Amino acid sequence: MKISYNFVYLVIFILFFSCSKKEEQITILEEKNLETQMIEVYKQAIEEFEKGDVIFAAKKFSEAELLYPQSIWAPRAALMSAYVHFSQNYYSYAINDLERFLIKYKNHRQTDYAYYLLALCHYNQIIDEKKDFNEIKLAKKYFEIIIKDYPDTEYAADSIFKLELIIEIIASKEMYLARYYTDREKWIPAINRYKKVVNEYSTTIYIEEALHRLVELHYKLGLVSEAKQYANLLGYNYKSSEWYKASYEIFNRDYKKRKIIPSNEKSNILTRFKKLFL
C-alpha cells in the first residue's frame, strides 16, 4: 500500500511539471508571436508614412504599440505616432501621444526628444501673442525643462534660442496691455505692466520704452522723485537711446533749442509782418 501511494505522488508530480513546462512554452510562443506581429505592423506603418498616407501610418503605429506594450518597440511606436501627427500639423493628436508617452514610458532614453517635440507642438501654434498666451506658457515650460534637465542634448541649443523668442513675445504682450491701459488713462495698471517688463524681461527690446513710460507716467502723477529714478536708470544703461532723450525732455522742457534766425532774416520778416497792417 505504501508503494502505491508513492507511485501516485510520482505520477502527479510528473503531470504537474509537464503541464507547467507546456504552459511556459505556450506563453513564450505567444509572446514571440505578438512581438513578430508588432514588428510587422511597425514596418507597415513606416512604409505607409513614406508613401505619404500619414493618417493610416499613425493608426498603424498606435496598433503596433497596443499589440505588445512590453516590447522595446512600443515606446518607439508611440513616438513615431506623435511625430507623424506633428509632421502634418495635427498638433492636438501629437500632444496627446507625447503626454501619454511621458506618463507611460518614464525615464525612457528618448524622453528629451519627447519634451522637445511637445514644446514645438505648442510653439508652432503661437500666431498672436494677444490670443495664444496659453500656448506661449506651455512652450516656455517645456523648453525650460529641456534646458534644465537635458542641457547636453542636441535639443538644448535650439530650446535656448526659441525660449529667447518666447520671452520677447511675452514682453510684447505686457507692453500691449500697458499701452491699452495708458490709452484709457488707467495709470496704475499701466505702471504695473511696465514695471513687470522692467523687472522680468529686462533683456528684451522693450526695456528702453518701458523705462521711459515709467518716467512719463510717474511725472504725470506728480511722483517726480520716482520719475527721476527711472530716468537715471534709463540714462545709466541706455544714454544714447531715443527713449532717454524723450525722458530728458520731460524734465527739461527747453531741451529742444529754438532755431536761431539771422538778423537780416529777422528784419525781412518784420517788414513783411508790418505790411499786413498797412
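Among the listed residues Tyr176, Tyr181, which satisfies the condition of being out of contact with any Pro (no Cβ under 6 Å at 6 or more places or on another chain) and part of a helix (DSSP H, G or I)? Unique residue meeting the criteria: Tyr176. Lys51 falls short on exactly one of the conditions (1) assigned by TED's automatic domain parsing to the domain that holds Thr36; (2) surrounded by 17 or more Cβ atoms within 10 Å (Cβ to Cβ), and that condition is (2).
Within segment 198-214, does at least one residue satisfy the condition of being small (Gly, Ala, Ser), loosely packed, with under 14 Cβ neighbours inside 10 Å and more than 30 Å from Ala114 (Cβ to Cβ)? So far as segment 198-214 goes, yes, one or more of its residues are small (Gly, Ala, Ser), loosely packed, with under 14 Cβ neighbours inside 10 Å and more than 30 Å from Ala114 (Cβ to Cβ).
Checked against (1) at pLDDT 90 or above; (2) in a helix (DSSP H, G or I), Arg109 passes all but a single condition, namely (2).
Can you find a residue in segment 73-81 that is part of a helix (DSSP H, G or I) and within 19 Å of the chain's Cα centre (by Cα)? No, segment 73-81 contains no residue that is part of a helix (DSSP H, G or I) and within 19 Å of the chain's Cα centre (by Cα).
Scan segment 84-96 and tell me whether some residue there is more than 25 Å from Glu154 (Cβ to Cβ), of a type in the set (Gly, Ala, Ser) and part of a loop (DSSP other than H, G, I, E, B). No; the residues of segment 84-96 include none that is more than 25 Å from Glu154 (Cβ to Cβ), of a type in the set (Gly, Ala, Ser) and part of a loop (DSSP other than H, G, I, E, B). Name every residue in segment 124-151 that is in contact with an Asp or Glu (Cβ under 9 Å, 6 or more places away or on another chain), in a helix (DSSP H, G or I) and at pLDDT below 95, in order of residue number. Across segment 124-151, the qualifying residue is only Ile136. Answer with yes or no whether Ile166 is modelled with pLDDT of 95 or more and among the β-branched types (Val, Ile, Thr). So Ile166 does not fit the description; no.
Annotation: of all residues in segment 152-170 being outside any helix (DSSP H, G or I) and among the hydroxyl-bearing types (Ser, Thr, Tyr), the one that is nearest to Lys140 (Cα to Cα) is Tyr155. Looking across Gln25, Gln70, one residue alone is at pLDDT below 75 and under 24 Å from Leu102 (Cβ atoms). It is Gln70.
The values are calculated or read from the model by the stated rules, or taken from the named source; none is laboratory data. Because the structure is predicted, anything quoted here is derived from the model rather than measured. With ideal geometry, Cβ positions are generated from the backbone for all residues, glycine too; neighbour counts draw on all protein chains shown.
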